[in-house]
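Take a look at the structure below.
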Amino acid sequence: MSVRFILASSSPRRRELLASVGLEFEVVPSEIPEKRGEAETPEEYVARLSREKARAVAEKFPSQWVIAADTTVALGDQVLEKPVDAEDARRMLAAIAGQTHVVYTGVTLKRIEPQYIDTHVATSEVRMLPLTARDIAWYVATGEPLDKADAYAAQGVGGMFIDSIHGSYTNVVGLPLALLFQMLRKAGIDPLYNRSTNGVR
């Protein structure tokens, strides 16, 4: 009997990634506010948020497996999240242009009955091409950067600006599939034998 999952995220990218590997799941977004603690490192931040998101949804569905994730980006000591407006997006893109930043995604797999929880963080280094002010203005005008961590989408138009990725590409998109694969096997679930042609519901 195949295992059905709950994806505790409204992110279309995570939904697409999870569906791409054939797992059966439904989407139940959490309402956890995404606010970083003053002393939290990026790793601590995404790990905590993924745990809180998983817990909030698992409490509503205690016998089901919940997958939760949270992604953030760091440029040196500066954490870059979703831009608040177009001007903020332009500022972020100017900061990362020609630089290497790190993408962090915390992933939590949780079930309440019987109790199980596992959390890990994936990291990927992304180097961007140098960008002119005209390049940045054009990209922001597409609207794509406005709801993305660090103001670009690796799987969209923003992919043109990525020079190289060291680490998981799917982590940069929002859900590190290789890490999730290992976490599911650790929990006794083999993704290879839980694939479905139906996918998301």
Subject >> Nearest-ten-degree value, helix 86-96 long axis tilted from longest Cα axis of the chain >> reply: 90
**OP:** Just the number, please: percent antiparallel of the DSSP beta bridges in the chain, rounded to the nearest 5.
**Re:** 80
**OP:** Note down the relative contact order for the chain as a percent, whole number, built from C-alpha pairs under 8 angstrom at least six residues apart.
**Re:** 26
**OP:** Put one equal scatterer on each alpha carbon of region 43-147, apply the Debye formula with no solvent term, and list log10 I(q)/I(0) at q = 0.11, 0.14, 0.21, 0.24 1/Å to two decimals.
**Re:** -0.45, -0.65, -0.99, -1.15
Original post:
Hey, rough spin-label estimate for Ser20 and Tyr116, points 7 angstrom out along Cα→Cβ, what's it come to in nanometres?
Top reply: 2.5
Original post:
Going out from 0 in 10 Å bins, what whole percent of all Cα-Cα distances in region 111-201 drops into each bin?
Top reply: 13, 34, 27, 18, 7, 1
Subject >> Rounded accessible area per residue of the chain, 1.4 Å, Å² >> reply: 49
Subject >> Accessible area of Tyr169 in the full protein assembly, 1.4 Å probe (Å², nearest 10) >> reply: 110
**OP:** Assign one of three labels to region 86-125, namely rounded, prolate or oblate, based on the Cα gyration tensor with a ≥ b ≥ c the square roots of its eigenvalues; rounded applies when a/c is under 1.5, prolate when it is not and a/b is larger than b/c, and oblate otherwise.
**Re:** oblate
Original post:
What's the carbon and sulfur percent of the chain's accessible surface, probe 1.4 angstrom, rounded to a whole number?
Top reply: 51
Subject >> Full-extension gain in nm, Thr142 to Arg91, via 0.36 nm per residue minus C-alpha separation >> reply: 16.8 nm
**OP:** List, in the order given, every pair from Lys60/Lys186; Lys35/Lys186; Lys60/Lys110; Lys110/Lys186 whose Cα-Cα distance in the structure shown is over 20 Å.
**Re:** Lys60/Lys186; Lys35/Lys186
Original post:
In a Debye calculation with equal point scatterers on the alpha-carbon sites of region 1-61 and no solvent, what is log10 I(q)/I(0) at q = 0.17 Å⁻¹?
Top reply: -0.65
Original post:
Using the beta-carbon distance between Tyr193 and Leu129 and R0 = 41 Å, what value does 1/(1 + (r/R0)^6) give for FRET efficiency, to the nearest 0.05?
Top reply: 0.50
Original post:
If you work out Rg/Rh (Cα atoms, Kirkwood Rh) from the coordinates, which of [x] 1.04; [y] 0.96; [z] 0.99 do you get?
Top reply: [z]
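The values are calculated or read from the model by the stated rules, or taken from the named source; none is laboratory data. Here the structure is a predicted model, which is why all the values come from computation and not from measurement. Cβ coordinates were reconstructed from backbone atoms using ideal geometry, including for glycine residues, and neighbour counts include every protein chain displayed. Ligands, DNA and RNA are excluded from the accessible area calculation, which covers all protein heavy atoms including side chains. Shrake-Rupley method; radii C 1.70, N 1.55, O 1.52, S 1.80 Å.
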